[in-house]
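Below is one structure, written out as structure tokens; the observations come after it.
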Amino acid sequence: LMRAFDRNQLVVREVLDRAKGICEECGQPAPFLRASDGTPYLEVHHRVMLSRGGLDTIENAIAVCPNCHRRLHHGAPA
């Protein structure tokens, strides 16, 4: 069974704006730009996952590169 969560797009925008194109986990620049609008490609990650009761808030979210996002969900700590 998979649950879907409605994401607040204002939170997503604010977190991405705060990061200014830099991964908030590893400190490196976004790996590439979005083809759609030329903005740095970062993904929004919730520190406490929504599925575990985390809130969809700016304080509970960070902007991360795809590699860090995968590691945070599936890999060992850096």
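The values are calculated or read from the model by the stated rules, or taken from the named source; none is laboratory data. Everything numeric here is computed off the predicted structure, so don't read it as measured data. All Cβ positions, even for glycine, are placed from backbone atoms using ideal geometry, and neighbour counts span all protein chains on display. Note: areas computed on protein heavy atoms with side chains; ligands, DNA, RNA excluded. Shrake-Rupley method; radii C 1.70, N 1.55, O 1.52, S 1.80 Å.
Structural remarks
- Identity of the residue in the stretch 17-47, touching an Asp or Glu at 6+ places or on another chain (Cβ under 9 Å) and farther than 12 Å from residue 66 by Cα, that ends up modelled with the highest pLDDT: 18
- Among the residues of the stretch 26-67, those identified as open to solvent by 80 Å² or more (accessible area, probe 1.4 Å), assigned to a loop (DSSP other than H, G, I, E, B) and in contact with a strand residue (DSSP E or B) (Cβ under 9 Å, 6 or more places away or on another chain) are 28, 32, 47, 55.
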